[in-house]
Amino acid sequence: MNFFALLGRFVLNFLEVLGRVTLFTLYAVKSAVKPPYYKSAVMKQIMEIGYYSLPVVGLTAIFTGMVLSLQSYTGFSRSGFGAEGSIASIVVISITRELGPVLAALMVAGRIGASTAAEIGTMRVTEQIDALVTLSTNPFKYLIAPRLIAAIITLPLLVLVSDIIGVYGGYLVGIHKLGFSPNGYLRATLESLEFMDVMSGLTKAAVFGFLITLMGCYHGFHSKGGAQGVGIATINAVVSSSILILCSNYIITQLFFTH
Amino acid sequence: MTDAKIKVSNLHKSFGSKKVLKGLDLEVKKGDSLVVIGGSGCGKSVLLKNIIGLISPTKGSVLIDGQETVKLNENERNQLMHKFGYLFQGGALFDSLTIWENIAFGLIQAERMDKKQAKEIAINKLNSVGLGSDVGELFPDEISGGMQKRVSLARSIATEPEIIFFDEPTTGLDPIMADVINDLIVKCSEEVGATTITITHDMSSVRKIADDVAMLYEGRFIWQGKKADIDHSGSPYVEQFIHGRAEGPIEIKLQDH
(Lines give C-alpha, C1' and ligand atoms only; values in the text may rest on other atoms or scores of the structure.)
Protein backbone atom coordinates (compact mmCIF):
# COMPACT_ATOMS: atom_id res chain seq x y z
CA MET A 1 0.00 0.00 0.00
CA ASN A 2 1.02 3.58 -0.65
CA PHE A 3 3.15 4.94 2.20
CA PHE A 4 1.18 8.19 2.38
CA ALA A 5 -2.13 6.33 2.52
CA LEU A 6 -0.79 4.25 5.42
CA LEU A 7 0.46 7.35 7.21
CA GLY A 8 -2.86 9.13 6.64
CA ARG A 9 -4.84 6.19 7.99
CA PHE A 10 -2.60 6.00 11.05
CA VAL A 11 -3.00 9.73 11.77
CA LEU A 12 -6.78 9.62 11.29
CA ASN A 13 -7.10 6.59 13.57
CA PHE A 14 -4.96 8.28 16.18
CA LEU A 15 -7.05 11.47 16.06
CA GLU A 16 -10.26 9.45 16.28
CA VAL A 17 -9.06 7.60 19.39
CA LEU A 18 -7.80 10.85 20.93
CA GLY A 19 -11.16 12.53 20.34
CA ARG A 20 -13.06 9.57 21.78
CA VAL A 21 -10.85 9.40 24.90
CA THR A 22 -11.17 13.17 25.43
CA LEU A 23 -14.98 13.11 25.19
CA PHE A 24 -15.11 10.07 27.48
CA THR A 25 -12.85 11.83 30.01
CA LEU A 26 -14.91 15.04 30.00
CA TYR A 27 -18.16 13.15 30.45
CA ALA A 28 -16.66 10.93 33.16
CA VAL A 29 -15.34 13.95 35.10
CA LYS A 30 -18.68 15.75 34.75
CA SER A 31 -20.46 12.66 36.07
CA ALA A 32 -18.05 12.41 39.02
CA VAL A 33 -18.39 16.09 39.97
CA LYS A 34 -22.16 16.57 39.59
CA PRO A 35 -24.52 15.02 42.16
CA PRO A 36 -26.19 12.62 42.82
CA TYR A 37 -23.39 10.38 44.09
CA TYR A 38 -23.64 6.65 44.68
CA LYS A 39 -21.99 6.67 48.12
CA SER A 40 -22.17 2.93 48.77
CA ALA A 41 -20.59 2.26 45.36
CA VAL A 42 -17.76 4.70 46.22
CA MET A 43 -17.16 2.96 49.58
CA LYS A 44 -17.10 -0.45 47.87
CA GLN A 45 -14.50 0.81 45.39
CA ILE A 46 -12.40 2.39 48.17
CA MET A 47 -12.21 -1.03 49.82
CA GLU A 48 -11.42 -2.71 46.51
CA ILE A 49 -8.78 -0.24 45.34
CA GLY A 50 -7.24 0.66 48.71
CA TYR A 51 -7.65 -2.04 51.31
CA TYR A 52 -7.31 -5.08 49.05
CA SER A 53 -4.28 -3.56 47.27
CA LEU A 54 -2.39 -3.04 50.54
CA PRO A 55 -0.58 -6.42 50.65
CA VAL A 56 0.81 -6.22 47.11
CA VAL A 57 1.73 -2.52 47.42
CA GLY A 58 3.30 -3.11 50.85
CA LEU A 59 5.42 -6.01 49.61
CA THR A 60 6.58 -4.00 46.60
CA ALA A 61 7.52 -1.07 48.85
CA ILE A 62 9.48 -3.01 51.45
CA PHE A 63 11.58 -4.88 48.91
CA THR A 64 12.18 -1.69 46.92
CA GLY A 65 13.41 0.11 50.06
CA MET A 66 15.62 -2.84 50.98
CA VAL A 67 17.23 -3.20 47.58
CA LEU A 68 17.69 0.56 47.26
CA SER A 69 19.61 0.63 50.52
CA LEU A 70 21.77 -2.30 49.45
CA GLN A 71 22.57 -0.93 45.99
CA SER A 72 23.31 2.57 47.26
CA TYR A 73 25.77 1.12 49.74
CA THR A 74 27.58 -0.67 46.90
CA GLY A 75 27.76 2.59 44.97
CA PHE A 76 29.01 4.65 47.89
CA SER A 77 31.60 2.12 48.98
CA ARG A 78 33.01 2.11 45.44
CA SER A 79 33.25 5.90 45.32
CA GLY A 80 34.54 6.22 48.86
CA PHE A 81 31.80 8.59 50.18
CA GLY A 82 30.44 8.36 53.74
CA ALA A 83 27.60 5.93 53.44
CA GLU A 84 25.22 6.14 56.42
CA GLY A 85 23.68 9.60 56.00
CA SER A 86 23.74 9.46 52.22
CA ILE A 87 21.98 6.11 52.03
CA ALA A 88 19.21 7.22 54.40
CA SER A 89 18.78 10.36 52.33
CA ILE A 90 18.72 8.52 48.99
CA VAL A 91 16.22 5.95 50.24
CA VAL A 92 13.75 8.47 51.65
CA ILE A 93 13.91 10.89 48.71
CA SER A 94 13.71 8.17 46.05
CA ILE A 95 10.86 6.44 47.79
CA THR A 96 8.69 9.48 48.54
CA ARG A 97 9.29 11.33 45.29
CA GLU A 98 9.42 8.54 42.72
CA LEU A 99 9.46 4.88 43.61
CA GLY A 100 6.63 4.92 46.16
CA PRO A 101 4.01 6.49 43.90
CA VAL A 102 5.18 4.98 40.60
CA LEU A 103 5.59 1.39 41.78
CA ALA A 104 2.39 1.45 43.84
CA ALA A 105 0.52 2.87 40.84
CA LEU A 106 1.96 0.23 38.49
CA MET A 107 0.88 -2.52 40.88
CA VAL A 108 -2.59 -1.00 41.19
CA ALA A 109 -2.74 -0.63 37.39
CA GLY A 110 -2.15 -4.39 37.14
CA ARG A 111 -4.77 -5.16 39.76
CA ILE A 112 -7.48 -2.53 39.44
CA GLY A 113 -6.99 -1.43 35.81
CA ALA A 114 -7.35 -5.04 34.68
CA SER A 115 -10.31 -5.90 36.93
CA THR A 116 -12.17 -2.69 36.04
CA ALA A 117 -11.75 -3.27 32.30
CA ALA A 118 -12.78 -6.93 32.64
CA GLU A 119 -15.82 -6.17 34.81
CA ILE A 120 -17.15 -3.26 32.74
CA GLY A 121 -16.20 -5.06 29.50
CA THR A 122 -18.20 -8.13 30.54
CA MET A 123 -21.13 -5.88 31.46
CA ARG A 124 -20.89 -4.30 28.00
CA VAL A 125 -20.83 -7.57 26.02
CA THR A 126 -23.62 -9.14 28.11
CA GLU A 127 -25.83 -6.04 27.62
CA GLN A 128 -25.81 -5.20 31.34
CA ILE A 129 -24.79 -1.61 30.52
CA ASP A 130 -27.74 -1.33 28.12
CA ALA A 131 -29.94 -2.77 30.87
CA LEU A 132 -28.76 0.01 33.23
CA VAL A 133 -29.84 2.63 30.69
CA THR A 134 -33.27 1.03 30.23
CA LEU A 135 -33.66 1.13 34.03
CA SER A 136 -33.16 4.94 33.93
CA THR A 137 -29.65 4.70 35.40
CA ASN A 138 -26.73 6.56 33.85
CA PRO A 139 -23.83 4.05 33.56
CA PHE A 140 -21.29 6.87 33.86
CA LYS A 141 -22.73 7.86 37.22
CA TYR A 142 -23.31 4.32 38.47
CA LEU A 143 -20.18 2.54 37.20
CA ILE A 144 -17.50 5.06 36.31
CA ALA A 145 -17.86 8.05 38.68
CA PRO A 146 -17.59 5.94 41.90
CA ARG A 147 -14.38 4.33 40.62
CA LEU A 148 -12.80 7.67 39.69
CA ILE A 149 -13.70 9.27 43.03
CA ALA A 150 -12.51 6.23 45.00
CA ALA A 151 -9.17 6.04 43.15
CA ILE A 152 -8.41 9.75 43.57
CA ILE A 153 -9.06 9.48 47.33
CA THR A 154 -7.43 6.10 47.88
CA LEU A 155 -4.23 6.15 45.83
CA PRO A 156 -2.61 8.97 47.91
CA LEU A 157 -3.41 7.07 51.14
CA LEU A 158 -2.02 3.89 49.64
CA VAL A 159 1.15 5.70 48.57
CA LEU A 160 1.55 7.24 52.04
CA VAL A 161 1.53 3.75 53.53
CA SER A 162 3.84 2.57 50.77
CA ASP A 163 6.30 5.43 51.55
CA ILE A 164 6.47 4.45 55.23
CA ILE A 165 6.95 0.77 54.46
CA GLY A 166 9.57 1.54 51.78
CA VAL A 167 11.62 3.74 54.13
CA TYR A 168 11.33 1.06 56.78
CA GLY A 169 12.69 -1.50 54.29
CA GLY A 170 15.75 0.70 53.74
CA TYR A 171 16.12 1.09 57.50
CA LEU A 172 15.99 -2.69 58.05
CA VAL A 173 18.84 -3.36 55.62
CA GLY A 174 20.80 -0.34 56.85
CA ILE A 175 20.65 -1.48 60.47
CA HIS A 176 20.73 -5.26 60.29
CA LYS A 177 22.81 -5.85 57.18
CA LEU A 178 25.05 -2.81 56.79
CA GLY A 179 25.55 -2.16 60.50
CA PHE A 180 24.45 1.49 60.72
CA SER A 181 23.24 2.95 64.01
CA PRO A 182 19.41 3.21 64.25
CA ASN A 183 19.55 6.73 65.70
CA GLY A 184 21.92 8.04 63.07
CA TYR A 185 19.94 6.48 60.24
CA LEU A 186 16.60 7.88 61.44
CA ARG A 187 18.09 11.34 62.05
CA ALA A 188 19.57 11.41 58.56
CA THR A 189 16.22 10.27 57.14
CA LEU A 190 14.27 13.04 58.89
CA GLU A 191 16.85 15.72 58.09
CA SER A 192 16.79 15.03 54.38
CA LEU A 193 13.01 14.67 54.09
CA GLU A 194 11.13 17.77 52.95
CA PHE A 195 7.42 18.43 52.89
CA MET A 196 7.47 18.89 49.12
CA ASP A 197 8.93 15.38 48.62
CA VAL A 198 5.87 13.80 50.18
CA MET A 199 3.44 16.29 48.64
CA SER A 200 4.71 15.68 45.12
CA GLY A 201 4.39 11.93 45.63
CA LEU A 202 0.83 12.23 46.88
CA THR A 203 -0.15 14.54 44.01
CA LYS A 204 1.28 12.01 41.60
CA ALA A 205 -0.70 9.27 43.33
CA ALA A 206 -4.00 11.11 42.85
CA VAL A 207 -3.25 11.68 39.16
CA PHE A 208 -2.17 8.05 38.70
CA GLY A 209 -5.37 6.84 40.42
CA PHE A 210 -7.44 8.92 38.02
CA LEU A 211 -5.54 7.60 34.98
CA ILE A 212 -5.73 3.94 36.04
CA THR A 213 -9.48 3.92 36.59
CA LEU A 214 -10.15 6.12 33.57
CA MET A 215 -8.29 3.72 31.27
CA GLY A 216 -9.90 0.65 32.87
CA CYS A 217 -13.36 2.17 32.45
CA TYR A 218 -12.70 3.50 28.93
CA HIS A 219 -11.41 0.23 27.52
CA GLY A 220 -14.07 -1.83 29.31
CA PHE A 221 -16.84 0.49 28.16
CA HIS A 222 -15.75 0.23 24.53
CA SER A 223 -15.01 -3.49 24.44
CA LYS A 224 -16.60 -5.43 21.60
CA GLY A 225 -17.41 -9.04 20.84
CA GLY A 226 -17.19 -11.71 23.51
CA ALA A 227 -14.47 -13.08 25.75
CA GLN A 228 -11.73 -12.11 23.29
CA GLY A 229 -12.93 -8.49 23.23
CA VAL A 230 -12.88 -8.33 27.02
CA GLY A 231 -9.36 -9.82 27.02
CA ILE A 232 -8.14 -7.18 24.58
CA ALA A 233 -9.80 -4.43 26.64
CA THR A 234 -8.01 -5.71 29.75
CA ILE A 235 -4.60 -5.72 28.04
CA ASN A 236 -5.17 -2.23 26.62
CA ALA A 237 -6.25 -0.90 30.00
CA VAL A 238 -3.11 -2.15 31.78
CA VAL A 239 -0.69 -1.13 29.00
CA SER A 240 -2.19 2.34 28.43
CA SER A 241 -2.47 3.17 32.13
CA SER A 242 1.13 2.01 32.75
CA ILE A 243 2.44 4.19 29.91
CA LEU A 244 0.36 7.17 31.07
CA ILE A 245 1.68 6.72 34.62
CA LEU A 246 5.29 6.90 33.41
CA CYS A 247 4.64 9.89 31.09
CA SER A 248 2.64 11.89 33.61
CA ASN A 249 5.26 11.09 36.28
CA TYR A 250 7.85 12.95 34.25
CA ILE A 251 5.53 15.90 33.63
CA ILE A 252 4.54 16.26 37.31
CA THR A 253 8.18 15.93 38.43
CA GLN A 254 9.12 18.71 36.04
CA LEU A 255 6.27 20.91 37.32
CA PHE A 256 7.24 20.39 40.96
CA PHE A 257 11.02 20.46 40.88
CA THR A 258 12.16 22.52 37.90
CA HIS A 259 12.29 26.24 38.51
CA MET B 1 -53.46 13.48 16.60
CA THR B 2 -52.77 9.78 16.15
CA ASP B 3 -53.61 7.21 18.83
CA ALA B 4 -50.39 5.31 18.14
CA LYS B 5 -48.30 4.59 21.24
CA ILE B 6 -45.23 4.02 19.08
CA LYS B 7 -44.83 5.46 15.59
CA VAL B 8 -41.67 4.94 13.57
CA SER B 9 -41.22 6.68 10.21
CA ASN B 10 -38.55 6.23 7.56
CA LEU B 11 -36.05 4.78 10.04
CA HIS B 12 -32.55 4.20 8.70
CA LYS B 13 -29.55 2.79 10.56
CA SER B 14 -26.10 2.14 9.14
CA PHE B 15 -22.94 0.85 10.79
CA GLY B 16 -20.11 2.20 8.64
CA SER B 17 -20.99 1.20 5.09
CA LYS B 18 -23.37 -1.56 6.23
CA LYS B 19 -27.01 -0.49 5.97
CA VAL B 20 -29.04 -2.46 8.52
CA LEU B 21 -32.36 -0.61 8.48
CA LYS B 22 -33.43 0.94 5.20
CA GLY B 23 -36.45 3.12 5.83
CA LEU B 24 -38.82 1.38 8.25
CA ASP B 25 -42.36 2.51 9.01
CA LEU B 26 -44.16 1.08 12.00
CA GLU B 27 -47.16 1.91 14.16
CA VAL B 28 -48.23 0.18 17.38
CA LYS B 29 -51.46 1.20 19.09
CA LYS B 30 -51.82 1.50 22.87
CA GLY B 31 -52.22 -1.92 24.50
CA ASP B 32 -51.36 -3.84 21.30
CA SER B 33 -48.79 -6.59 21.01
CA LEU B 34 -46.65 -6.53 17.89
CA VAL B 35 -44.30 -9.41 17.09
CA VAL B 36 -41.46 -8.75 14.64
CA ILE B 37 -40.14 -11.86 12.91
CA GLY B 38 -37.14 -12.25 10.66
CA GLY B 39 -33.94 -14.23 10.20
CA SER B 40 -30.88 -13.92 12.38
CA GLY B 41 -28.93 -10.71 11.76
CA CYS B 42 -31.70 -8.95 9.84
CA GLY B 43 -31.76 -6.00 12.26
CA LYS B 44 -34.57 -6.90 14.67
CA SER B 45 -32.58 -6.02 17.82
CA VAL B 46 -31.21 -2.89 16.12
CA LEU B 47 -34.81 -1.79 15.50
CA LEU B 48 -35.74 -2.13 19.18
CA LYS B 49 -32.56 -0.36 20.33
CA ASN B 50 -33.27 2.52 17.94
CA ILE B 51 -36.82 2.92 19.24
CA ILE B 52 -35.76 2.91 22.90
CA GLY B 53 -32.73 5.14 22.22
CA LEU B 54 -29.87 2.77 23.10
CA ILE B 55 -28.51 3.59 19.64
CA SER B 56 -29.30 6.61 17.49
CA PRO B 57 -30.83 6.20 14.05
CA THR B 58 -28.94 7.51 11.03
CA LYS B 59 -32.17 9.07 9.78
CA GLY B 60 -35.86 8.96 10.58
CA SER B 61 -38.38 9.66 13.30
CA VAL B 62 -39.51 7.80 16.44
CA LEU B 63 -42.63 9.10 18.18
CA ILE B 64 -43.63 7.83 21.63
CA ASP B 65 -47.08 9.08 22.66
CA GLY B 66 -46.75 11.61 19.86
CA GLN B 67 -43.45 12.99 21.21
CA GLU B 68 -40.38 12.95 18.95
CA THR B 69 -37.61 11.07 20.78
CA VAL B 70 -34.69 10.92 18.37
CA LYS B 71 -32.94 14.11 19.51
CA LEU B 72 -33.74 14.04 23.23
CA ASN B 73 -31.10 15.26 25.70
CA GLU B 74 -29.84 13.12 28.58
CA ASN B 75 -32.47 14.20 31.14
CA GLU B 76 -35.38 13.93 28.72
CA ARG B 77 -34.18 10.48 27.66
CA ASN B 78 -33.91 9.45 31.31
CA GLN B 79 -37.50 10.57 31.90
CA LEU B 80 -38.69 8.72 28.81
CA MET B 81 -37.02 5.50 30.00
CA HIS B 82 -39.52 5.37 32.89
CA LYS B 83 -42.11 4.35 30.30
CA PHE B 84 -40.07 1.36 29.11
CA GLY B 85 -39.30 -2.16 30.23
CA TYR B 86 -36.84 -4.31 28.30
CA LEU B 87 -36.22 -8.05 28.44
CA PHE B 88 -32.79 -8.66 26.92
CA GLN B 89 -31.96 -11.72 24.87
CA GLY B 90 -29.33 -12.97 27.31
CA GLY B 91 -31.20 -11.76 30.40
CA ALA B 92 -28.57 -9.08 31.16
CA LEU B 93 -29.00 -9.59 34.90
CA PHE B 94 -26.45 -7.72 37.05
CA ASP B 95 -24.25 -10.50 38.35
CA SER B 96 -22.96 -8.51 41.33
CA LEU B 97 -26.50 -8.13 42.71
CA THR B 98 -28.89 -10.69 44.18
CA ILE B 99 -32.05 -11.67 42.30
CA TRP B 100 -34.35 -9.42 44.34
CA GLU B 101 -31.91 -6.49 43.98
CA ASN B 102 -31.95 -7.04 40.22
CA ILE B 103 -35.76 -6.93 40.10
CA ALA B 104 -35.94 -3.94 42.45
CA PHE B 105 -33.14 -2.04 40.67
CA GLY B 106 -35.44 0.24 38.65
CA LEU B 107 -37.65 0.90 41.68
CA ILE B 108 -34.72 1.88 43.90
CA GLN B 109 -32.57 3.78 41.39
CA ALA B 110 -35.16 5.39 39.12
CA GLU B 111 -38.28 5.62 41.27
CA ARG B 112 -36.27 6.35 44.48
CA MET B 113 -38.38 3.85 46.44
CA ASP B 114 -37.07 2.75 49.84
CA LYS B 115 -35.37 -0.64 49.89
CA LYS B 116 -37.89 -2.42 52.10
CA GLN B 117 -40.88 -1.53 49.94
CA ALA B 118 -38.92 -2.26 46.74
CA LYS B 119 -37.98 -5.69 48.08
CA GLU B 120 -41.63 -6.50 48.80
CA ILE B 121 -42.61 -5.60 45.24
CA ALA B 122 -39.62 -7.54 43.87
CA ILE B 123 -40.66 -10.67 45.77
CA ASN B 124 -44.26 -10.26 44.51
CA LYS B 125 -43.03 -10.01 40.94
CA LEU B 126 -40.78 -13.01 41.53
CA ASN B 127 -43.81 -14.99 42.69
CA SER B 128 -45.84 -13.82 39.71
CA VAL B 129 -43.27 -15.35 37.34
CA GLY B 130 -43.54 -18.62 39.26
CA LEU B 131 -40.42 -18.42 41.42
CA GLY B 132 -40.31 -18.74 45.22
CA SER B 133 -39.22 -15.97 47.57
CA ASP B 134 -36.09 -17.95 48.52
CA VAL B 135 -34.74 -17.45 44.98
CA GLY B 136 -34.59 -13.71 45.72
CA GLU B 137 -31.51 -14.12 47.91
CA LEU B 138 -29.50 -16.03 45.26
CA PHE B 139 -27.19 -14.53 42.64
CA PRO B 140 -27.87 -14.86 38.88
CA ASP B 141 -25.10 -17.45 38.36
CA GLU B 142 -26.74 -19.72 40.93
CA ILE B 143 -29.96 -20.25 38.92
CA SER B 144 -30.74 -21.95 35.58
CA GLY B 145 -31.11 -20.21 32.20
CA GLY B 146 -34.91 -20.57 32.26
CA MET B 147 -35.07 -19.07 35.75
CA GLN B 148 -32.82 -16.20 34.63
CA LYS B 149 -35.25 -15.43 31.79
CA ARG B 150 -38.14 -15.38 34.27
CA VAL B 151 -36.20 -13.08 36.63
CA SER B 152 -35.39 -10.83 33.71
CA LEU B 153 -39.09 -10.76 32.82
CA ALA B 154 -39.92 -9.86 36.43
CA ARG B 155 -37.35 -7.04 36.29
CA SER B 156 -38.80 -5.68 33.03
CA ILE B 157 -42.31 -5.42 34.52
CA ALA B 158 -41.34 -4.36 38.07
CA THR B 159 -41.84 -0.65 37.45
CA GLU B 160 -45.13 -1.36 35.62
CA PRO B 161 -43.95 0.27 32.37
CA GLU B 162 -46.29 1.42 29.62
CA ILE B 163 -44.18 -0.17 26.88
CA ILE B 164 -42.27 -3.45 27.11
CA PHE B 165 -39.80 -4.85 24.57
CA PHE B 166 -39.02 -8.56 24.55
CA ASP B 167 -35.84 -9.45 22.66
CA GLU B 168 -35.98 -13.13 21.68
CA PRO B 169 -37.51 -14.21 24.98
CA THR B 170 -37.48 -17.96 24.27
CA THR B 171 -34.08 -18.37 22.59
CA GLY B 172 -32.01 -21.12 24.18
CA LEU B 173 -34.90 -22.60 26.17
CA ASP B 174 -36.52 -26.02 25.85
CA PRO B 175 -40.03 -26.00 24.25
CA ILE B 176 -41.84 -26.43 27.56
CA MET B 177 -39.95 -23.62 29.29
CA ALA B 178 -40.41 -21.50 26.16
CA ASP B 179 -44.17 -22.01 26.43
CA VAL B 180 -44.08 -21.09 30.13
CA ILE B 181 -42.25 -17.84 29.24
CA ASN B 182 -44.74 -17.09 26.43
CA ASP B 183 -47.67 -17.54 28.85
CA LEU B 184 -45.96 -15.33 31.43
CA ILE B 185 -45.33 -12.61 28.85
CA VAL B 186 -49.02 -12.58 27.89
CA LYS B 187 -50.13 -12.63 31.54
CA CYS B 188 -47.70 -9.97 32.77
CA SER B 189 -48.31 -7.65 29.81
CA GLU B 190 -52.07 -7.85 30.35
CA GLU B 191 -51.67 -7.24 34.08
CA VAL B 192 -49.77 -3.97 33.59
CA GLY B 193 -51.75 -3.09 30.41
CA ALA B 194 -48.56 -2.55 28.44
CA THR B 195 -47.97 -2.00 24.74
CA THR B 196 -45.40 -4.58 23.67
CA ILE B 197 -43.03 -5.34 20.82
CA THR B 198 -41.49 -8.81 20.77
CA ILE B 199 -38.81 -9.91 18.36
CA THR B 200 -38.39 -13.59 17.77
CA HIS B 201 -37.92 -16.34 15.22
CA ASP B 202 -39.89 -18.78 17.33
CA MET B 203 -43.28 -19.31 15.62
CA SER B 204 -44.91 -20.69 18.79
CA SER B 205 -44.13 -17.34 20.46
CA VAL B 206 -45.71 -15.51 17.53
CA ARG B 207 -48.92 -17.55 17.77
CA LYS B 208 -49.17 -17.06 21.53
CA ILE B 209 -48.08 -13.45 22.04
CA ALA B 210 -49.01 -11.48 18.91
CA ASP B 211 -51.96 -9.30 17.97
CA ASP B 212 -50.08 -8.05 14.91
CA VAL B 213 -47.06 -9.48 13.10
CA ALA B 214 -44.44 -7.79 10.92
CA MET B 215 -41.69 -9.51 8.99
CA LEU B 216 -38.32 -7.81 8.61
CA TYR B 217 -36.11 -8.72 5.66
CA GLU B 218 -33.05 -6.89 4.37
CA GLY B 219 -33.76 -3.77 6.44
CA ARG B 220 -37.43 -3.34 5.45
CA PHE B 221 -40.79 -4.72 6.51
CA ILE B 222 -41.92 -6.97 3.69
CA TRP B 223 -45.19 -7.95 5.32
CA GLN B 224 -47.37 -6.61 8.15
CA GLY B 225 -50.74 -7.96 9.23
CA LYS B 226 -52.89 -9.59 11.88
CA LYS B 227 -51.77 -12.82 13.53
CA ALA B 228 -54.76 -14.66 12.01
CA ASP B 229 -53.58 -13.71 8.51
CA ILE B 230 -50.07 -15.07 8.81
CA ASP B 231 -50.91 -18.52 7.46
CA HIS B 232 -52.40 -17.04 4.27
CA SER B 233 -50.22 -13.97 3.93
CA GLY B 234 -49.64 -14.44 0.20
CA SER B 235 -45.98 -13.53 0.76
CA PRO B 236 -43.51 -16.23 -0.32
CA TYR B 237 -41.01 -14.80 2.20
CA VAL B 238 -43.42 -15.22 5.12
CA GLU B 239 -44.41 -18.68 3.86
CA GLN B 240 -40.79 -19.79 3.71
CA PHE B 241 -40.04 -18.34 7.16
CA ILE B 242 -43.02 -19.75 9.07
CA HIS B 243 -42.50 -23.21 7.60
CA GLY B 244 -38.73 -23.09 8.08
CA ARG B 245 -37.84 -24.07 4.52
CA ALA B 246 -34.26 -23.84 3.29
CA GLU B 247 -35.49 -23.20 -0.26
CA GLY B 248 -37.38 -20.09 -1.28
CA PRO B 249 -36.83 -16.40 -1.95
CA ILE B 250 -34.81 -15.94 1.27
CA GLU B 251 -31.31 -17.12 0.48
CA ILE B 252 -28.89 -18.03 3.21
CA LYS B 253 -25.40 -17.35 1.93
CA LEU B 254 -23.09 -20.22 2.81
CA GLN B 255 -19.37 -19.68 2.62
CA ASP B 256 -17.31 -22.23 0.67
CA HIS B 257 -14.25 -23.43 2.50
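The values are calculated or read from the model by the stated rules, or taken from the named source; none is laboratory data. Since this is a predicted model, take the numbers as computed values, not measurements. Every residue, glycine among them, receives a Cβ derived from its backbone with ideal geometry; neighbour counts consider all protein chains shown.
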Residues in segment B:108-116: is at least one hydrophobic (A, V, I, L, M, F, W, C), buried (at least 22 other Cβ atoms within 10 Å of the Cβ) and in contact with an Asp or Glu (Cβ under 9 Å, 6 or more places away or on another chain)?
no
Looking only at segment A:92-111, decide whether some residue is of a type in the set (Asp, Glu), touching a residue at least 12 places away in the same chain (Cβ under 8 Å), away from chain B (no Cβ under 14 Å) and surrounded by fewer than 24 Cβ atoms within 10 Å (Cβ to Cβ).
yes
With touching a helix residue (DSSP H, G or I) at 6+ places or on another chain (Cβ under 8 Å) and not in a loop (DSSP other than H, G, I, E, B) as the only criterion, which of B:Asp179, B:Asp229 stands out?
B:Asp179
Scan segment A:134-152 for residues that are outside any loop (DSSP other than H, G, I, E, B), within 8 Å of another protein chain (Cβ to nearest Cβ) and surrounded by fewer than 20 Cβ atoms within 10 Å (Cβ to Cβ) and jot them down.
A:Tyr142
Here is a list: A:Ser69, A:Ser77. Which entry is farther than 16 Å from A:Ile95 by Cβ and in a helix (DSSP H, G or I)?
A:Ser77
How many of the residues in segment A:40-56 are farther than 16 Å from A:Thr213 by Cβ and either small (Gly, Ala, Ser) or crowded, with 18+ Cβ neighbours inside 10 Å (or both)?
1
Restricted to segment B:190-223, and to residues that are of a type in the set (Asp, Glu) and out of contact with any Ser or Thr (no Cβ under 7 Å at 6 or more places or on another chain), which residue is nearest to B:Gly60 (Cα to Cα)?
B:Glu218
Picked from segment B:68-98 (must be away from every other protein chain (no Cβ under 14 Å) and modelled with pLDDT of 90 or more), the residue nearest to B:Leu47 (Cα to Cα) is B:Val70
How many residues are outside any helix (DSSP H, G or I), touching a residue at least 24 places away in the same chain (Cβ under 8 Å) and surrounded by fewer than 21 Cβ atoms within 10 Å (Cβ to Cβ) when one looks only at segment A:206-259?
4
Single residue of segment B:168-196 satisfying the filter (touching a residue at least 60 places away in the same chain (Cβ under 8 Å) and in contact with an Asp or Glu (Cβ under 9 Å, 6 or more places away or on another chain)) that is surrounded by the most Cβ atoms within 10 Å (Cβ to Cβ):
B:Thr196
Subset of segment B:86-126, residues more than 18 Å from B:Pro140 (Cβ to Cβ) and either touching a Pro at 6+ places or on another chain (Cβ under 9 Å) or of a type in the set (S, T, N, Q) (or both), comes to B:Gln117, B:Asn124
